[in-house]
Amino acid sequence: MSIQAAEAARDDASYAAQEEAHGIDPRRIGDVVMEMKNITLRFGGVTAIKDISFDIREHEIRAIIGPNGAGKSSMLNVINGFYHPQEGEIWFRGEKRGPMRPHEIAHQGIARTFQNIALFKGMSTLDNIMTGRMTLMKTNFWQHTLWKGGAEREEVEHRRRVEEIIDFLEIQAIRKTPVGRLPYGLQKRVELGRALAAEPKLLLLDEPMAGMNVEEKEDMCRFILDVNDEFGTTIALIEHDMGVVMDIADRVVVLDYGRKIGDGTPDEVRSNQDVIDAYLGVSHD
Amino acid sequence: MGVGLLNTIEVILNGLMTGVLYSLVALGFVLIFKASGIFNYAQGVMSLFAALTLVGFQNGQIPFAELINAVFGTDLHTFGFTMPAILATIFALGVMVLFAIIVERLILKHLVNQEPIILFMATIGLAYFLEGFGDMMWGSDIKTMDLGLPQGGSFWFEEVTQGWAAEGADYWGMYIDVLDVIAAGVAVLLVIALTVFSQYTKTGRALRAVADDHQAALSVGISLRYIWVVTWAIAGFVALVAGSMWGAKSGVQFSLSLIALKALPVLMLGGFTSIPGAIVGGLLIGVGEKLFEFYVGPMVGGATENWFAYVLALIFLVFRPQGLFGDKIIERV
Amino acid sequence: MLYREAGDFKTSYADDAQTFPIAFDRWRYYAILLVAAVLVPLVIDSYWAKSIMVPFLVFSIAAMGLNILTGYCGQVSLGTGGFMAVGAYASYKLMTAFPELNIFFVVLLSGGVTALVGAAFGLPSLRIKGFYLAVATLAAQFFLVWLFNKVPWFFNHSATGQITAPERTVFGIAVTGPSVPAWASYLFCLAFVVLLAWLMRNLTRGKVGRQWMAIRDMDIAAEIIGVHPLKTKLIAFAVSSFYVGVAGALFFSVYLGAAEPTEAFGIQQSFLVLFMIIIGGLGSIFGCFAGAAFMIMLPVLLKNVMVGALGWDTTLATHFEFIIVGGLIIVFLILEPHGLAQLARLMKEKLRLWPFPH
């Protein structure tokens, strides 16, 4: 199935019918895998997120959009467990999430990229992506003191998988380069690789195309769609470029000033008056 | 009042005065840290160097006598004349300003964009350098500092406080060293002057601008280099006062440079970027130290002042990582 | 043309990840090991052993320890002197309480004790970061030195407060105590250096090393991708303290013979080791050796030149030493903040192309 056909199919309102017509499995979008219920997040006197609820279904690409300061990154941080909402519940894969630290949530299968690249500048591309395998590595400290045997075997095995990701993202040439030296676009790609390396159930992308030119954006779109297609990864995506959102997202949730003002397919959201007002800057209370 | 209570009050008073001196040293740190983001480990050695220079000028010592004697085989030590304290102080201040200019030109300028740990290491290197340099310039033997300030216990205060004890009690009054009181007074004046300077003068405002954001300060026309020279010169001045006060109390010697280390827990408590924090932190540490040593010291063999301040600051930091007045660290991703 | 890489390709990931992928490097490494293990013990004399090689080896170990904590994991520590003291006093208590225990195990156990103490002092690192942590480690430094000065149990209630290392032997040859042959003390320390360097290489090349570096570079992102922050930091503190403890035990029993806390383990040692890893290069095993060599050799060299050749008196020489060390540190930090290891790396780049300039 070509990318263009897939994207064209998504443009229509009843995409399920369309998909069946074009031969895509209508059960591709599965059940709800993550649900945010009445999340409220405050920092001192500032309420970043006010009573927001939405869900994310398995295998879908869910876009989170909204003007600057709407609370999108904060929402991702809540999903990651970095911020703890004062009110509300988070349900992941059918279970309510108790108080958890970010690394425990990572082990549950949630991976992420960051708005301002958070790569480990002191390491090479290869090492950075290898850190993404952290949750899947089982050897313990003592095996590593000896290296030969279990630790080396595991390193080689994970290196194999990481090389597959490097091939997928077409960054073979820079695998040994310290990431601090890479241009911005490549750094974003490496960060995507690190997130993919974790083989996540839910992939969070925070403005993956910020600061890119048209070609780089097309590349990144292609990678995101391929990831969703080939690995079936559920993706939640913050993005400002409306063209991208309308093209690749299955469903969209729109935030403004910490509240949800729209939720539905790209077309439904596009014609929502509140959303239009928010983006045009019409003042409201 | 009971003798126990009077003893406690005495300990607290002494603690407060020591605390004021700690605050003074800590202030030097805060100023430099606010303006340039550098934690200046050399502040303590600067105090020692300033004190040595002052005494050297006062006694008419020949700078680098040691070296000259070794190279040329001579046996020189002094010029023969002495300088009045006031003049020596002014000259010493001049030397510290010169030092500030040299440091800015040779070191700070080149290390502008480095990580904090590198800058910190550079100041440690500077501390070593200055220690050797100061010793070579003025000699490393212990010197007494005579600034013409009164010393010794205050008899008047002893008598007054003796009267506070109950009738017939075995109490001889509180011992407060007059020099300590003067030092505390000077420190308080200096702290007030610095706070006023920072809040109300144009240069002070520029200092605060630089502390906030180098780029923004540059964009409104503030010369970063000029501000750094001013900051280090002020720190040098603070070092001179601190060095003189401590030096007058216990002689000008190597241990003076260890005051810097004492200022660290003060800064931890008060926050690295806050002037009121340095003041409150200094007082808290000063009093805390003396009280702990007075009550707990005898039970554990004494000398707890070596570590109490640090442990106190450590415990405090665990519960409040930014210190009392420091800027709250909000981590964003 | 010497440093050939062309034709030297790897066909497996294991080969690609080896320590010395270039053949020239490998042979050079074996040569160094040969010289160090066989040649040096044959020619070494007492002066060289006592003043240069043994302190170099001992401080290399300490530098490796601090580099693990500060260079790889990014936790600045100014408590190295205090932890060396823990190792020294642990070894003293073990030697006096268990005279039959082989000195080799005494040193390792001392390291283990120090690891536990180090981990305990590392607990605040979860809440306190950067500078504040560095200053907090001073609490460890000052407290530990005070402890060993004041509590008589540590120095077996001796009147002087000093601890002295009793004689211990390995395979019948003395390595501690007054009558140790130069080569024996050297080889004993060398054995530990090789073992611990191998260990450090293993830990830093895989998952453990990456976890440390992730925390160093961006601890929040590290946590979000699954690195357990407290566990990782505590392991760094523990491993680092193990190394520093071993260094302390060797420093006391093999090098000094007798020690007193403030002088031998005061804050000046903490700075010394920190200088070593900064000048040598943070995050590099070679850097530990380069930095240790630099900081040990320099004062010896200066002393020989100034006191020996120029006939100046020792106080003047000491002042000069401070000036030069301080000055060099500043110069180094300005010119090459990543230390001698980086300089070596740059030289290697040049060497690859030699005799072509670029």
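The values are calculated or read from the model by the stated rules, or taken from the named source; none is laboratory data. Note that the structure is a prediction, hence the values are computed from the model and not measured. With ideal geometry, Cβ positions are generated from the backbone for all residues, glycine too; neighbour counts draw on all protein chains shown.
Can you tell me how many residues within segment C:224-241 are within 21 Å of C:Met64 (Cβ to Cβ) and either under 11 Å from the mean Cα position of the chain (by Cα) or within 10 Å of another protein chain (Cβ to nearest Cβ) (or both)?
Here the count works out to 6.
Do any helices (runs of 4 or more DSSP H) lying entirely in segment B:109-223 carry at least 1 residues that are buried (at least 19 other Cβ atoms within 10 Å of the Cβ) and away from chain C (no Cβ under 14 Å), and which ones are they?
B:155-162, B:178-200, B:202-212, B:214-219
Would you call C:Ala182 at the interface with another protein chain (Cβ under 9 Å from one of its Cβ atoms) and either touching a helix residue (DSSP H, G or I) at 6+ places or on another chain (Cβ under 6 Å) or surrounded by 23 or more Cβ atoms within 10 Å (Cβ to Cβ) (or both)?
No.
Just for segment C:131-160: of the residues that are surrounded by 15 or more Cβ atoms within 10 Å (Cβ to Cβ) and more than 10 Å from every other protein chain (Cβ to nearest Cβ), which one is farthest from C:Val175 (Cα to Cα)?
My answer is C:Phe148.
Considering each of C:Ile334, C:Ile278, C:Ile285 in turn, give the residue that is among the β-branched types (Val, Ile, Thr), crowded, with 19+ Cβ neighbours inside 10 Å and within 14 Å of chain B (Cβ to nearest Cβ).
Of the residues listed, the single one that is among the β-branched types (Val, Ile, Thr), crowded, with 19+ Cβ neighbours inside 10 Å and within 14 Å of chain B (Cβ to nearest Cβ) is C:Ile278.
Any residue that is in a helix (DSSP H, G or I) and in contact with a strand residue (DSSP E or B) (Cβ under 6 Å, 6 or more places away or on another chain) - is there at least one of those in segment C:90-109?
Yes, there is a match, as at least one residue in segment C:90-109 is in a helix (DSSP H, G or I) and in contact with a strand residue (DSSP E or B) (Cβ under 6 Å, 6 or more places away or on another chain).
Among the listed residues B:Thr89, B:Thr123, which satisfies the condition of being of a type outside the set (A, V, I, L, M) and farther than 22 Å from C:Phe275 by Cα?
Just a single option satisfies the conditions, and that option is B:Thr89.
What are the residues in segment C:211-237 that are of a type in the set (A, V, I, L, M, F, W, C) and surrounded by fewer than 21 Cβ atoms within 10 Å (Cβ to Cβ), if any?
Those that are of a type in the set (A, V, I, L, M, F, W, C) and surrounded by fewer than 21 Cβ atoms within 10 Å (Cβ to Cβ): C:Ile220, C:Leu230, C:Leu234.
Could you figure out which of (1) in a helix (DSSP H, G or I); (2) within 12 Å of another protein chain (Cβ to nearest Cβ) isn't true of C:Ile128?
Exception for C:Ile128: condition (1).
Would you kindly identify the helices (runs of 4 or more DSSP H) lying entirely within segment C:1-75 that contain at least 2 residues that are at pLDDT below 85 and farther than 22 Å from C:Phe289 by Cβ?
Helices (runs of 4 or more DSSP H) meeting the threshold: C:13-16.
Applying the selection to segment B:267-301, what residues are among the hydroxyl-bearing types (Ser, Thr, Tyr) and away from chain C (no Cβ under 12 Å)?
B:Ser274, B:Tyr295
Return the residue satisfying two criteria in turn: it lies in segment B:120-174 and is closer than 24 Å to B:His110 by Cβ and aromatic (Phe, Trp, Tyr), and of such residues it is modelled with the lowest pLDDT.
Selected residue: B:Phe120.
Would a scan of segment C:138-152 turn up a residue that is in contact with a strand residue (DSSP E or B) (Cβ under 6 Å, 6 or more places away or on another chain) and farther than 29 Å from C:Leu69 by Cβ?
Scanning segment C:138-152, I find no residue that is in contact with a strand residue (DSSP E or B) (Cβ under 6 Å, 6 or more places away or on another chain) and farther than 29 Å from C:Leu69 by Cβ, so the answer is no.
Among the numbered criteria (1) away from chain A (no Cβ under 14 Å); (2) surrounded by 12 or more Cβ atoms within 10 Å (Cβ to Cβ), which single criterion is violated by C:Gly74?
Unmet for C:Gly74, out of (1) away from chain A (no Cβ under 14 Å); (2) surrounded by 12 or more Cβ atoms within 10 Å (Cβ to Cβ): (1).
Being surrounded by 24 or more Cβ atoms within 10 Å (Cβ to Cβ), touching a residue at least 24 places away in the same chain (Cβ under 8 Å), more than 16 Å from C:Leu196 (Cα to Cα) and under 15 Å from the mean Cα position of the chain (by Cα) narrows it down to one residue among C:Gly122, C:Gly111, C:Gly87, C:Gly81; which is it?
After applying the criteria, what remains is C:Gly81.
Report the residue count in segment B:64-108 for those that are within 27 Å of C:Gly308 (Cβ to Cβ) and either among the basic types (Lys, Arg) or surrounded by 15 or more Cβ atoms within 10 Å (Cβ to Cβ) (or both).
Looking only at that region, the number is 6.
Hey, C:Leu301 hits all of (1) over 17 Å from C:Val58 (Cα atoms); (2) within 14 Å of chain B (Cβ to nearest Cβ); (3) exposed (fewer than 15 other Cβ atoms within 10 Å of the Cβ); (4) not aromatic (Phe, Trp, Tyr) but one; which does it fall short on?
If we test C:Leu301 against (1) over 17 Å from C:Val58 (Cα atoms); (2) within 14 Å of chain B (Cβ to nearest Cβ); (3) exposed (fewer than 15 other Cβ atoms within 10 Å of the Cβ); (4) not aromatic (Phe, Trp, Tyr), just (2) comes out false.
Applying the selection to segment A:163-202, what residues are out of contact with any strand residue (DSSP E or B) (no Cβ under 8 Å at 6 or more places or on another chain) and polar (S, T, N, Q)?
Correct list: A:Gln172, A:Gln187.
For residues that are polar (S, T, N, Q), assigned to a loop (DSSP other than H, G, I, E, B) and touching a residue at least 12 places away in the same chain (Cβ under 8 Å), scanning just segment A:71-126, find the one that is farthest from the other protein chains (Cβ to nearest Cβ).
A:Gln86
Return the residue satisfying two criteria in turn: it lies in segment A:130-162 and is part of a loop (DSSP other than H, G, I, E, B) and within 7 Å of chain C (Cβ to nearest Cβ), and of such residues it is farthest from the chain's Cα centre (by Cα).
Out of the qualifying residues, it is A:Trp147.
For segment B:69-107, give me the residue count where each residue is within 13 Å of another protein chain (Cβ to nearest Cβ), in contact with a Leu (Cβ under 9 Å, 6 or more places away or on another chain) and modelled with pLDDT of 80 or more.
Residues in segment B:69-107 being within 13 Å of another protein chain (Cβ to nearest Cβ), in contact with a Leu (Cβ under 9 Å, 6 or more places away or on another chain) and modelled with pLDDT of 80 or more: 2 in total.
Residues that are closer than 15 Å to B:Ser140 by Cα: list the helices (runs of 4 or more DSSP H) wholly contained in segment B:16-106 that include at least 3 such residues.
Per the criteria, B:43-59, B:65-72.
Given the structure, is C:Trp212 within 23 Å of A:Pro200 (Cα to Cα), in contact (Cβ under 8 Å) with a residue 60 or more places away in the chain and in a helix (DSSP H, G or I)?
When the stated conditions are applied, C:Trp212 passes them.
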